[in-house]
Amino acid sequence: MSEAVLDSGAAEAPGTKGLVEDWARDKQVFGVPWGKAMMWIFLLSDTFIFSCFIVGYMSVRIASTDPWPVPSEVFALTMFGHSIPLVLIAIMTFILITSSGTMALAVNMGYRKDRKKTFWLMVATAVLGASFVSMQAFEWSKLISEGVRPWANPFGAAQFGSSFFMITGFHGLHVSAGVIYLLVIAFRVKNGFYEKRGGNYEIVEITGLYWHFVDLVWVFIFAFFYLW
Amino acid sequence: MAAEGQQHPLKIYYMVWILLFVVSFFSYMVDILEFHGMTRWTLIIVFMLVKAGFIIAIFMHMKWERLAFKIAILGPPVAILVLISLMSLEGGYVENSRIQNYGESTFEAETPGHH
């Protein structure tokens, strides 16, 4: 597949000239493996889904006449006798960034065909992802016990609950799916599945794209839902 | 090299990794230091875009892709800006109609308190 891309003959021009040539020449337009192009297109469609949720949240938050609950108070935790605002969310953010880092290294080790390191880095990423989901479960149960429901809550506008459960729930689902995806690919790397297929480790980069996207969505949720 | 995929020195990943930690810390500080209004919103957006930019460019390797691919993937989301502006107009309109027809909110918050 990747050979076909290089069949165009002449060296690929950079910049706008390259843009025109990629589209105008009788060849495959995107110079990337098909799996990577497909993952990016899936992520593009997912971008629109998350955007719809976040724009919907923006819309109901503007339209609500009831006061919007203050996130730094709602998501505060009492630790060591002090109420620390947003502390769990901050920890979750750092966990997800750490997992993005280990994933980036896993992709690199994959291309170096260091199967052992790739495996362990992917497992580390999955473990961090699982701990993220566990913390989210803790956060959900805390809010539910305080009376936050999709239709009402004691702190302010009713739409707070529906936005919160919808947005963080859909994101958490992505993280959970990502953990499973990571583990499947990690064990395939370990047991030599890709060695039988020409030792091509592009799949680790494709898995990485999904994982970084999950982190990327969290950046936006953190900004618009928790900090705004 | 192109057929071998995206291989880059590890150093750049470590640098972006550290940068993401630092910028996340800054955005958390926006809340801790209790910035409000325009300052708060600007800082939130700036830190968010910096983080998103580095994740896409370096971790997702978009920086090294060809322009045709960059435009195909990063172009379409720009349309979301139209949705954002239409929905904020709509939100403001709905809020006004609610106030005109039902009056101001009479919501009494329990705990935690409100400003």
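What follows draws every value from the coordinates through simple rules; no lab data is involved. It should be emphasised that the depicted structure is a prediction, and the values quoted were computed from it without experimental measurement. Cβ: placed from backbone, ideal geometry, glycine included. Neighbour counts: every protein chain shown.
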For this session: Check every DSSP H run in chain B and write down those whose alpha carbon atoms cover 20 angstrom or more along the long axis and whose mean Kyte-Doolittle hydropathy is -0.5 or greater.
Result: B:10-32, B:37-54, B:80-102
For this session: For a footprinting-style exposure proxy, rank B:Leu86, A:Leu43, A:Leu105, B:Leu20 by other Cβ within 10 Å, fewest first.
Result: B:Leu86, A:Leu43, A:Leu105, B:Leu20
Seminar exercise, completed: Over all pairs of different Cα atoms in the range A:116-170, the reciprocal of the mean inverse distance gives a Kirkwood radius in Å of 12.8
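Roughly what % of Cα-Cα distances in the range A:77-123 sit above 11 Å, to the whole percent?
Details: 735 of 1081 pairs.
Counting every Cα pair in the range A:77-123, those more than 11 Å apart make up 68 percent.
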Problem set entry | Measure of compaction for the range B:1-64 (Cα Rg per 2.2 N^0.38 Å) | 1.42
Problem set entry | Dimensions in Å of the range A:1-115 - Rg and Dmax from alpha carbons | 23.2, 69
Exercise. What is the log10 of I(q)/I(0) for the range A:154-202, computed with the Debye formula using one identical point scatterer on each Cα and no solvent, at q = 0.15, 0.30 Å⁻¹?
Worked result: -0.57, -1.00
Exercise. What is the Cα coordinate range of the protein assembly as shown on the first, second and third principal axes, sorted by size from largest, in whole angstrom?
Worked result: 71, 46, 31
For this session: Under 23 Å Cα to Cα from A:Lys117, which lysines show up? Leave out anything in the same chain fewer than 8 places away.
Result: A:Lys36, A:Lys190, A:Lys196, B:Lys11
Problem set entry | Footprinting exposure proxy for A:Trp228, A:Trp211 (fewest neighbouring C-beta atoms within 10 Å first) | A:Trp228, A:Trp211
Exercise. Once you average over the residues of B:62-71, how many Cβ atoms of partner chains fall within 10 Å of each Cβ?
Worked result: 5
For this session: Would you please report the Å³ per residue occupied by the convex hull of the alpha carbon atoms in the range A:26-90?
Result: 125
Seminar exercise, completed: Note on chain A: helices (DSSP H) long enough, at least 30 Å by alpha carbon along their axis, and hydrophobic enough, mean Kyte-Doolittle at least -1.0, are A:34-63, A:87-111, A:115-145, A:159-190
For this session: Would you kindly compute the Cα radius of gyration of the range A:34-227 and its largest Cα-Cα separation (Dmax), both in Å?
Result: 18.9, 62
Exercise. Expressed as a whole number of Å, what is the distance separating the alpha-carbon centroids of the range B:90-106 and the range B:32-71?
Worked result: 34
Exercise. Computed FRET efficiency, Cβ-Cβ of A:Thr65 and B:Phe25, R0 22 Å: what is it to the nearest 0.05?
Worked result: 0.05
For this session: In Å³ and rounded to a whole number, note down the convex hull volume per residue for the Cα atoms of chain B.
Result: 163
Exercise. Hey, got the Cα dimensions of the range A:57-148 along the principal axes, in Å, largest first?
Worked result: 57, 37, 19
